[in-house]
Amino acid sequence: MADQLSGLLFPRSVAVIGASGKPGKIGHALFSNVVTSFSGPVYAVNPGHDELLGRPCVPTIAALPEPVDLAVIIIPAQLVPDALEACGAGGIRNAIVISGGFKEVGADGAEREGKLVEIASRHSMRLLGPNCLGLISTQVGLNATFAPRGAREGEIAFISQSGAFCTAVLDWAWKGHVGFSHFISLGNKAVLSEEDFLTAFADDPRTRVIVAYLEGIADGQRFLKTARAVTPQKPVVIIKTGRGEAGARAVSSHTGTMAGSDEAYEAAFRQAGVIRAQNVEELFDFAYLLARQPLPKGRRVGIVTNAGGPGVMATDAAEREGLEIARFTEPTARSLAERMPAAASIYNPVDILGDARADRYRDAVNLVAADPNVDMIVALSAPVAILTYAELGTILADVHREHGKPVTCSFMVGEIGEEADAVLRDAGIPSAFDPARAVRALAGLVRYADVRGTPHKDQRTHPVDREGAASLLRAAARKDRVRLGVEAMDLLEAYGIPVARGGIARSAEDVEPLLQALGEELVLKVVSPEMSHKSDVGGVRVGIPAERAAEEAWQMLHMARERFPEMPIDGVLVQERVPPGREVIVGMVRDPTFGPLIMFGLGGVHVEVMGDVAFAVAPLVEGEAEALIRRIRAYPILRGVRGQPGVDINALVEVVERLAQLAMDFPHLLELEANPIICYPDRVVAVDLRLTVSGEDG
């Protein structure tokens, strides 16, 4: 797709369809921006003029003297399909539809947008929009937007789903001296979406970091696959708005009720190596550093300050962000002691005191930056009359250049700090009033360094009986069952997940043949896919002696059918009683954007009380199942604490991988929850199951 987008991102000629000669109209603002920014041939298409702003104007698209590389369309929505058709017929293969009035306005608009998609597909056209601001490509000097200002040239590629956010960023970026290689307003994403531009920008040598503002993703699996391929090459920083629950999906399991839409985005971004920004400030702090500074070799930070309070704030922020406060080597500590006043703190953070002049600052920052135990530096300064910020900015620029380590700073001042802006900007060093912000910016570098340091891995798959599982699900579909319970334990067995031994009795007489090899004490469970929390309503009996199993099973069936006459009662599961162990839950709910969202946490009652769960999007590549397990707060309990043995983590990892594989193989599985899975030092075993299917046989 990168080569296919060259005509859109690097056009040699442009036509603006709907260009206007009337100031105040969007068609005039857009055409004026194109004419004043772009040095190649520019044509206007408007039947009311022969010439506009000194450029030729033709009445129709067919009258263009040549097939241009890019058509920009800004005409009423109802006329756009015919215009796009004319572009395709005239050999134009790249188009931007600025016009609104498509799916964002309802059914009629959605139908018009569908026509655009069909036309673009038939003519193999790359279409940006509709309902967008346009694009800017500073490498060819093109501003094909109606924004009041263009963009500075730089190394950040920017993608936004919001046109208003685009105009705000453009204006802010001029003041902040932030430059862009490309600037893209996605609009409705009828044809081209963020995945296409991620791929294109990954191959663009002028782009060093990709930044995006997204409100939603249409194809989560495509995004995950694309981002996984791009992030090892280029950092991708995204701010994603809309953190509410996924209300469009009815859920009945613990997994479903705990999995809001944001959990899926958070998991997908983490797995794809995307750095997620929590706000606009972080978005551009991360982008600025990733574009301008080297990656750190570790997460150890050295802090130099002329005031104690800011040093403490920076230290707190470093700990919150998962950074390490570096421990200096003995030579560094000795040199600091020799050069700093006796009252100074020579341990990290280094407090050089409020009377520090430029030479003391230079010595301290150089010594800290030279220490092999320091991977990056934060310099802090409260205002003092004996030190100018121009001096301090020059010191930091020199240190950054000499030592090649990331540097950020916090000048806790107002206007007087501006004297250092140009020096810091040339050195690529960001400055913030808040010490915590300076530290968080470094945390973005560390997160991407971790991404770059993680080798590419493939999806883990295991040998399974897929046809056996499909047969079981087809049988459920024939019975018109959308919910299944313990009667579907064979589904787990088909995918190699160990389950407690047992079988279903539909009458008291069926119990005896099941008792062999199940042990002296049994567990009995009413088999009904509609009965939730069976233990709360007498649907589970534990520790039943084998000789009483038939009688107890009959009593349970009689009780269940009397108490819940409206529920289908299929019998009683007669199951071995497994010894106590650590209980975990492994679940899946099908997210409307990303597909199978896998959940892991402590099981049994713990999942309801503690809510200690973590999520990952399937398919899982090697290492992701273990990472999922490690993310819960209670992971040390699974590893073993205070002399208690840990559980078989490898077996647990395999269960998670196999369940994820099951979810990928059967798209009509909507929810699935194995809870609890009992874990021991040498094995794991599933003892209960609930699942929901769409009713289709997939």
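Relative contact order for the stretch 501-577: 50 percent, from Cα pairs under 8 Å spaced at least 6 residues apart, divided by residue count. Working from Cα pairs under 8 Å separated by at least six residues, relative contact order for the chain is 9 percent.
Please report the net charge: other residues with Cβ closer than 13 Å to the Cβ of G308, K and R +1, D and E -1.
Details: positive: none; negative: D316, D351.
Residues near G308 contribute -2 overall.
Relative to its Kirkwood radius, the Cα radius of gyration of the chain gives an Rg/Rh of 1.07.
With a sphere of radius 15 Å drawn around the Cβ of S431, what net charge do the other residues whose Cβ falls strictly inside it have (Lys, Arg +1; Asp, Glu -1)? Don't jump to the answer; show the numbers that get you there.
Numbers: positive: K175, R292, R425, R437, R440; negative: E281, D285, E391, E415, E418, E419, D421, D426, D434.
Neighbourhood net charge equals -4.
3J(HN,Hα) couplings calculated from phi for the stretch 292-301 with the Karplus curve 6.51 cos²θ - 1.76 cosθ + 1.60 (θ = phi - 60°) are, in sequence order, 10, 10, x, 7, x, 7, x, 10, 8, 10 Hz; Gly and Pro show x. As a size descriptor, the averaged projected area of the C-alpha convex hull of the stretch 409-537 was calculated at 17.8 nm². Ordering I325, I156 by the number of other Cβ atoms within 10 Å of each residue's own Cβ, fewest first, gives I325, I156. Over the stretch 290-452, the Kirkwood radius and the radius of gyration, each from Cα atoms, give a ratio Rg/Rh of 0.93. Here is the link list: K225/K457; K234/K457; K234/K405; K175/K297; K479/K525. Which ones come out longer than 23 Å on Cα distance? Exceeds cut-off: K175/K297. Remark on V72: its backbone amide H falls under 5 Å from those of A15, V16, I17, I96, a criterion applied only to residues 5 or more positions apart or on other chains, H modelled at 1.01 Å from N.
Short to long, the 10 Å bins of the Cα pair-distance histogram for the stretch 541-698 hold 10, 33, 31, 21, 6, 0 percent of all pairs.
How would you rank I416, I678, going from fewest to most other Cβ atoms within 10 Å of each one's own Cβ? Intermediate values should be presented prior to the final figure.
On the way: I416 12, I678 22.
Neighbour counts put them in this order, fewest first: I416, I678.
If you restrict to DSSP beta bridges whose two residues both lie in the chain, what percentage is antiparallel, to the nearest 5?
Working: 55 of 105 bridges.
The antiparallel proportion sits near 50 percent.
Taking a Cβ cut-off of under 15 Å around G646, the surrounding Lys, Arg, Asp and Glu residues balance to a net charge of +1, with basic ones at +1 and acidic ones at -1.
For the stretch 501-577, the normalised intensity computed at q = 0.16, 0.19, 0.26 Å⁻¹ comes to -0.48, -0.68, -1.22 (log10 of I(q)/I(0), Debye sum over alpha carbons, equal scatterers, no solvent).
Contact order for the stretch 290-452, expressed relative to its length and based on alpha carbon pairs under 8 Å spaced 6+ residues apart, stands at 30 percent.
Let me have the 222 nm mean residue ellipticity of the chain computed from DSSP H runs of 4+ only, each contributing -39500 (n - 2.57), with the sum over all residues rounded to the nearest 500.
Numbers: 23 runs with 249 residues, N = 698.
Per the formula, -10500 deg cm²/dmol.
Exposure proxy ranking for S528, S6, based on other Cβ atoms within 10 angstrom of each Cβ and starting from the fewest, stands as S6, S528.
Every number here is computed from the coordinates shown, using simple stated rules; none is lab data. Quick caveat, the model's predicted, so the values are computed rather than measured. When we count neighbours, we look across all protein chains shown, and the Cβ atoms used for this are built from the backbone with ideal geometry, even at glycine.
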